[in-house]
1. What are the residues in the stretch 43-59 that are charged (D, E, K, R) and touching a Pro at 6+ places or on another chain (Cβ under 7 Å), if any?
Amino acid sequence: MVRLAAELGDHAPQDAELPEDYQLEARGRDVMVWRPIQGNLIRTAEGSDNFCRKASEVVGRLEVAGGSSPTA
């Protein structure tokens, strides 16, 4: 979850270009990118790193579209 400098509006989910199985919730300036998985036992460090990279790319696209920067 990150907080952007400016609100994204209702168009954020459509502008996000989400990877397959990824979800996005946006409320005001707060953005959360998530992906459902079967359970904790199938998580790996490599998988977590890949998720973080892809989620960061989604937020980066939203920043460019909205002209703001995240504040974590």
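1. Hit for the stretch 43-59 is Lys54, nothing else.
Residue-by-condition table, conditions (1) crowded, with 16+ Cβ neighbours inside 10 Å; (2) out of contact with any strand residue (DSSP E or B) (no Cβ under 6 Å at 6 or more places or on another chain); (3) modelled with pLDDT of 85 or more; (4) part of a strand (DSSP E or B):
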{"residue": "Asp10", "(1), (2), (3), (4)": "no, yes, no, no"}
{"residue": "Asp21", "(1), (2), (3), (4)": "no, yes, yes, no"}
{"residue": "Ala26", "(1), (2), (3), (4)": "yes, yes, yes, yes"}
{"residue": "Val33", "(1), (2), (3), (4)": "yes, no, yes, yes"}
{"residue": "Val58", "(1), (2), (3), (4)": "yes, no, yes, no"}
{"residue": "Glu63", "(1), (2), (3), (4)": "yes, yes, no, no"}
{"residue": "Ser68", "(1), (2), (3), (4)": "yes, no, no, no"}
{"residue": "Ala72", "(1), (2), (3), (4)": "no, no, no, no"}
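The values are calculated or read from the model by the stated rules, or taken from the named source; none is laboratory data. All figures in this text were calculated on a predicted structure; none of them were measured in a lab. Glycine also receives a Cβ, built like all others from the backbone with ideal geometry; neighbour counts cover every protein chain displayed.
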